[in-house]
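Any read-out appearing in this document is the output of simple, stated calculations on the displayed coordinates, not a laboratory observation. Here the structure is a predicted model, which means the values were calculated and not measured. Heads up, the Cβs are rebuilt from the backbone with ideal geometry, glycines too, and the neighbour counts pull from every protein chain shown.
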Amino acid sequence: MKRFIVMVLMVLCCLGFVMPQVSAEESVNGDTMSVLLLGTDTGAEGRTDHGRSDVIMVATVNPGTGRVTLTSIPRDTYVDIPGYGMDKINHAYAFGGAELTMEAVNQLLDIQLDHYIVVNMAGIQEIVDTIGGIEVTPPVSFSIGGYDFTEGQTTTLDGNMALQYARERYTSGGDYARQERQRDILVAIYEEVTSMGVADVLRLGRVGMALNDNLEMSVSLTDFIDIATSIGGSIKTVETYQLYGTGEMIDGVYYDIPDEASLAEVTNTIHQELN
């Protein structure tokens with residue numbers, strides 16, 4: 001239970017926390033839960049506009065199977081955005097925030113998401129600096145933002161390096177590789193935090209303080225802890241999935257057209273976890 005609560009708290013801290021109002025009583029009954037995770041670029045490089053969602057994931061939590069699943073959706077995925085027509089799925093956040101993005105994802109995957117969490121990219125930089133850095137092993141070599149990353153060479157990242165590492169999308173694999181690196185960052189943060197002992201309690205406290213500007217909560221911390229506590233003891237594994245597609249130019253704009261087989265696979269996986 002402790003490890004799951006820490007994992008969820010760290011993900012929320014990294015991303016910033018926005019959820020629709022829900023009481024603890026509605027979520028502590030051990031039922032499955034689905035959450036839309038959105039990573040926005042509004043906090044990066046001094047931006048203050050509404051921004052678009054650069055990270056789009058669907059998380060399911062199933063106490064019955066003991067699994068958490070994370071499914072990445074490419075930001076350029078060509079979907080029907082309610083009220084706006086066919087467009088890139090990440091435009092939904094610019095048009096109508098997390099709620100409209102949730103509608104688009106619900107329609108794409110034929111589900112009804114329970115909650116959403118909005119990610120502020122600035123939060124990643126702050127938390128990595130606060131915990132003293134993280135380690136990653138790049139699968140390919142590349143350079144970005146003045147930093148060089150070497151294939152197979154374990155590298156310690158500070159906050160800015162982690163942010164740059166998560167943004168790179170021009171290596172082989174493109175946006176799919178970028179989404180994998182983003183998941184690697186979250187796993188590295190999780191591993192660092194869960195390795196902390198009692199002596200690190202104050203450092204964990206500073207994590208929350210450092211991310212205060214990035215956190216927006218629409219449920220109380222007490223309710224959230226109740227929810228996490230109710231399901232945490234049963235979670236044993238975290239599995240990751242990816243929606244794949246094919247790049248296509250439509251009217252001079254690049255889109256990622258979902259592969260039917262891949263869409264069916266991730267949809268079935270999510271449905272199985274929720275049912």
Report summary line: Whole-Å distance linking the alpha carbon centroid of the range 249-275 with that of the range 79-127 is 15
Report summary line: Per the rule of 0.36 nm per residue minus the C-alpha distance, extending Tyr170 to Asn106 adds in nm 20.1 nm
Query raised in the report: Ranking Ser34, Ser143, Ser262, Ser195 by Cβ neighbours within 10 Å, fewest first, what do you get?
Result: Ser195, Ser143, Ser262, Ser34
Report task. Work out, step by step, the length gained on full extension between Ala261 and Thr156: first 0.36 nm times the residue separation, then minus their alpha carbon distance; give nm to one decimal. Result -> 34.0 nm
